[in-house]
Amino acid sequence: MLEVRKISKYYKYSVNAYPALNQVELTINEQDFAAVTGPSGSGKSTLFHTIAGLLKPSEGSVVLNGIEIVSGAKSPIRTKEISFIMQGQNLLSNFTIEDNLYFPLYLAGLRGNYYQRAVEVLTMVGLENVLFSYPSRLSGGELRRIAIARALMLKPKLLLADEPTSNLDTENAFKVMELFQNINEEGTAVLISTHDEKVLPFCKSIYHMEKGKLVLM
Ligand code: ADP
Ligand code: ADP
């Protein structure tokens, strides 16, 4: 489904002698649930932004279902084939959970009625009763699950999540990982980056990144 073909990334004003991504190759299929580990600064965030079409690789290409990923209006994150959960929950505090769920759809220019889907995704994350609540009423773990629910609104083929369990206690971290497992079992590929050793057993494959190089563990 997703093929990362020998991508390298050289930032123009880099503090390092090595590239942020160095000939990275990765294939993700529908049934995959993979984690990328590695120290801070090893290139995980650059890799995810490139896969999402938010950053252009200096060399190589990323191909989604046979079509090369481009940045801009046609990037898979705009067309919602890929959902990217960035670090933190990024919910709008002045809007209800319901409106937060619709917000990316409005940005994408979609004007349908998504009430049914909103109830569905909230049920999936076990928070069906918070539709009309404001984010300030929810705990950190609950907010993280809302961010996941929001990412699922348009049934993406691939879910990318950058450090999805950072700052969560073990119980909430495991809840988030179980949720990803359910999503994966229902046919969505999941790719996460993590520093959190204890969540790795939830994943089907583990990659390690070091100075821009990616290896399968
Ligand atoms: P191009 O010239 O093809 O746009 P660049 O590497 O200059 O390629 O930029 C690709 C992306 O990386 C852009 O979104 C740019 O903003 C970002 N980028 C590159 N270098 C830097 C930098 N030093 N600081 C911040 N962003 C950068
Ligand atoms: P990670 O997500 O693993 O912490 P990043 O992808 O954020 O790693 O960073 C990889 C390397 O690229 C680091 O050395 C970082 O300093 C560098 N880098 C990231 N973004 C930019 C940028 N915009 N301009 C220059 N260097 C960058």
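The values are calculated or read from the model by the stated rules, or taken from the named source; none is laboratory data. Because the structure is a prediction, the values reported are computed rather than measured. All Cβ positions, even for glycine, are placed from backbone atoms using ideal geometry, and neighbour counts span all protein chains on display. With ligands, DNA and RNA removed, areas are computed over all heavy atoms of the protein, side chains included. Shrake-Rupley method; radii C 1.70, N 1.55, O 1.52, S 1.80 Å.
Applying a threshold of 7 Å to beta carbon distances and a minimum spacing of six or more residues, or different chains, the list of pairs starting in the stretch 27-45 at a residue that is closer than 18 Å to PHE84 by Cβ and ending at one that is within 16 Å of ligand 1 (Cβ to nearest atom) and open to solvent by 10 Å² or more (accessible area, probe 1.4 Å) reads VAL36/LYS44; GLY43/ALA20.
If you go through the stretch 40-61 and keep only what is more than 14 Å from ligand 1 (Cβ to nearest atom) and within 12 Å of LEU214 (Cα to Cα), you end up with SER42, LYS44. Scanning the stretch 6-45 for residues that are basic (Lys, Arg) and over 15 Å from the mean Cα position of the chain (by Cα) returns LYS6, LYS9, LYS12.
All conditions in (1) over 16 Å from the mean Cα position of the chain (by Cα); (2) free of Cβ contacts under 8 Å to residues at least 60 places away in the same chain hold for MET177, with the sole exception of (1). Checked against the criteria, PHE84 counts as open to solvent by 10 Å² or more (accessible area, probe 1.4 Å), aromatic (Phe, Trp, Tyr), within 16 Å of ligand 1 (Cβ to nearest atom) and touching a residue at least 24 places away in the same chain (Cβ under 8 Å).
Taken as a whole, the condition of being in contact with a Phe, Trp or Tyr (Cβ under 8 Å, 6 or more places away or on another chain) and farther than 23 Å from SER193 by Cα does not apply to PHE48.
The residue pairs whose first member lies in the stretch 10-24 and is small (Gly, Ala, Ser), whose second member is more than 7 Å from ligand 1 (Cβ to nearest atom) and in a loop (DSSP other than H, G, I, E, B), and whose beta carbons are closer than 6 Å, counting only pairs six or more residues apart or on different chains, are ALA20/GLY43; ALA20/GLY212. Flag: SER58 does not match the condition of being open to solvent by less than 30 Å² (accessible area, probe 1.4 Å), of a type outside the set (Val, Ile, Thr) and at pLDDT 90 or above. Tallying residues that are within 12 Å of ligand 2 (Cβ to nearest atom) and either open to solvent by less than 70 Å² (accessible area, probe 1.4 Å) or in contact with a strand residue (DSSP E or B) (Cβ under 9 Å, 6 or more places away or on another chain) (or both) within the stretch 17-42 yields 12.
Quick one: is GLY109 farther than 27 Å from SER166 by Cα and either more than 16 Å from ligand 1 (Cβ to nearest atom) or surrounded by fewer than 21 Cβ atoms within 10 Å (Cβ to Cβ) (or both)? Yes. Go through the residues of the stretch 43-52 one by one and say whether even a single one is more than 16 Å from ligand 2 (Cβ to nearest atom) and either in contact with a Gly (Cβ under 7 Å, 6 or more places away or on another chain) or under 28 Å from GLU186 (Cβ atoms) (or both). Checked against the condition, which is being more than 16 Å from ligand 2 (Cβ to nearest atom) and either in contact with a Gly (Cβ under 7 Å, 6 or more places away or on another chain) or under 28 Å from GLU186 (Cβ atoms) (or both), the stretch 43-52 yields no hits at all.
Looking at the stretch 11-20 only, could you name the residues that are within 9 Å of ligand 1 (Cβ to nearest atom) and farther than 14 Å from SER45 by Cα? Matches in the stretch 11-20: LYS12, TYR13, SER14.
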